[in-house]
Amino acid sequence: MLRKLVFVGALGAGIVLDPDPIVDVVVLALDPAVDVSVPPPDPIQPAKTQMAATETICFMFSLLCPGPLLVVQGVRRKRRHGIARFGATTCRSVQFRQAFYRSLTGLRPTGATHYAARMTYSAEIFMTGTPGLESALLAEAQANGFADARRIPGGVTFNGGWEDVWRANLTMRGATRILVRIGSFMAFHLAQLDKRAKKFPWAEMLRPDIPLRVEVVTSRKSKIYHAGAATQRIEDGLKANGYQINPDAPIAIKARIDDNRVTISIDTSGESLHKRGHKEAVGKAPMRETLAALMLRECGYDGREPVLDPMCGSGTFVIEAAEIAAGLLPGRTRRFAFEQLASFDADAWNDMRQMRVDAPRPAAHFHGSDRDAGAVRMATANAERAGVGDLITFANLSATDLQRPDGPPGLIICNPPYGGRIGNQKMLYGIYAGLGETLKSRFAGWRVGLVTSEAGLAKATGLPFKPKGAPIPHGGLKVWLFQSEEL
Ligand SMILES: C[S@@+](CC[C@H](N)C(=O)[O-])C[C@H]1O[C@@H](n2cnc3c(N)ncnc32)[C@H](O)[C@@H]1O
């Protein structure tokens, strides 16, 4: 089995040396203009110079890398503004790599092996997450094969190519959005911003037929501090390049002006990633799927144990848990903004969506209950739409009537009503005390994860919670995930 495939870039754009000792094959991808089979007749031609450079580089690689060296054509990349750019030929390279992988291994590219074939030139990709849960997001990114992922406030960053962007959107349960940094430049005043926005190579990433919207964040350290004026200049730059601006446009261009540097990103997700596309019905205070997934991870859930939510509302926790156990990818059915970018390759994307996931096949069963019959109906319908209806048993029960299910112990996780949102305080304390009593008396061996906005409510359960972690923003409030050891 092929362990690792390294692609190195086009001549003229710089060569990245990756003398990795476990590389099987190094592929040197040449500029499409260079004919590798027939050397150009005129020795003064630039192509000839490139050929000579190619030979030297091939020789260097043969010394550095133990595996065979393959030279192929068809990839061209550009670098500008010191940031790697994704050129219009990206789709070509995606198709090329997949075809190459197939020819080499006879396998359809799936999962991690396929993505070992990585892009040489990469941009910075930012997975936005939920503040307070960055470690869980980082752990998920690493588990999903984004090996160089690093934790930063509010999310995780890594370097990669367009395939990584698609894969992050497709596979990351905890990320809210996937942003790609497409370039940056200095601008000390609005006229300079205007000029540079007009010259920015938008056409390398954006399609002329797709309208755009611009969102700008400025910092006090910058001379340009008025976000509205900056937005207008960037919009003007886009209009001058033939793009339409529309506040409801599917693609958001995000600019951040920090210390007079304008960093331009594209939001490749479109609708927030918590919208998996299966939940139509929601109750009074639904948990976002992204947050539920991160909390499940924080509680140590890895898809192998039963999960029970005694106050399941629209069923978010148990549906997420069952999907993880069944190896279903969170973005399997929804659409993404990147499908409307110049780099999109529908064939390569369809191949990626068929990706297999090493799932711990659900031996476990999942349980959701709620005292509100309407919530139970909603949760049941949501689970059916998500394709996990047969893995979850829903029941219309008060938490105090909950019975321990047959089988091994697992994780109980819920967000009972709290704060000023639903119900009054006295009643809430009664609900938490009743829940705690039931769990202590009938659920020995199970762990508990409880989400609430007040430590006093968690305490009212009488459950042996560990010290609380970082606050997590949820629905305009701060909440905490209280966790117990096995009861
Ligand atoms: C904040 S919502 C949970 C939202 C849910 N996690 C979701 O994603 O939709 C709280 C739920 O607890 C339920 N509930 C309140 N008291 C309950 C009790 N004593 N027993 C069972 N369910 C209860 C409510 O009907 C409501 O659906």
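Answer yes if at least one residue in the range 361-381 is more than 16 Å from the ligand (Cβ to nearest atom), loosely packed, with under 15 Cβ neighbours inside 10 Å and modelled with pLDDT under 85, and no otherwise. Checking the range 361-381: at least one residue is more than 16 Å from the ligand (Cβ to nearest atom), loosely packed, with under 15 Cβ neighbours inside 10 Å and modelled with pLDDT under 85.
Per-residue answers, yes or no, for (1) out of contact with any helix residue (DSSP H, G or I) (no Cβ under 8 Å at 6 or more places or on another chain); (2) under 30 Å from I210 (Cβ atoms):
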{"site": "F317", "(1), (2)": "no, no"}
{"site": "T333", "(1), (2)": "yes, yes"}
{"site": "Q340", "(1), (2)": "yes, yes"}
{"site": "F344", "(1), (2)": "no, yes"}
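Looking only at the range 441-487, residues that are of a type in the set (S, T, Y) and in a loop (DSSP other than H, G, I, E, B) come to 2 in all. Looking only at residues of the range 423-454 that are surrounded by 19 or more Cβ atoms within 10 Å (Cβ to Cβ) and of a type in the set (F, W, Y), we find that the one that is farthest from the ligand (Cβ to nearest atom) is W446.
Kindly indicate whether A346 is within 12 Å of the ligand (Cβ to nearest atom) and surrounded by fewer than 21 Cβ atoms within 10 Å (Cβ to Cβ).
Taking the combined requirement at face value, the residue does not satisfy it.
Taking the criterion of being in a loop (DSSP other than H, G, I, E, B) and under 16 Å from I266 (Cα atoms), the residues of the range 188-230 that qualify are F200, P201, M205, R207, P208, I210, P211. Name, by its number, the condition in (1) in contact (Cβ under 8 Å) with a residue 40 or more places away in the chain; (2) farther than 30 Å from P405 by Cα that does not hold for S222. So S222 meets the others, but not (1). Is it true that E339 is buried (at least 23 other Cβ atoms within 10 Å of the Cβ) and within 25 Å of the chain's Cα centre (by Cα)? When the stated conditions are applied, E339 does not pass them.
Scanning the range 386-422 for residues that are more than 14 Å from the ligand (Cβ to nearest atom) and of a type in the set (K, R) yields a single hit, R404.
Can you tell me which residue within the range 291-322, out of those that are closer than 14 Å to G132 by Cβ and within 12 Å of the ligand (Cβ to nearest atom), is nearest to the chain's Cα centre (by Cα)?
Among those that are closer than 14 Å to G132 by Cβ and within 12 Å of the ligand (Cβ to nearest atom), it is L291.
The values are calculated or read from the model by the stated rules, or taken from the named source; none is laboratory data. Because the structure is predicted, anything quoted here is derived from the model rather than measured. Quick reminder, even Gly has a Cβ in these numbers, built from the backbone with ideal geometry, and neighbours come from all protein chains shown.
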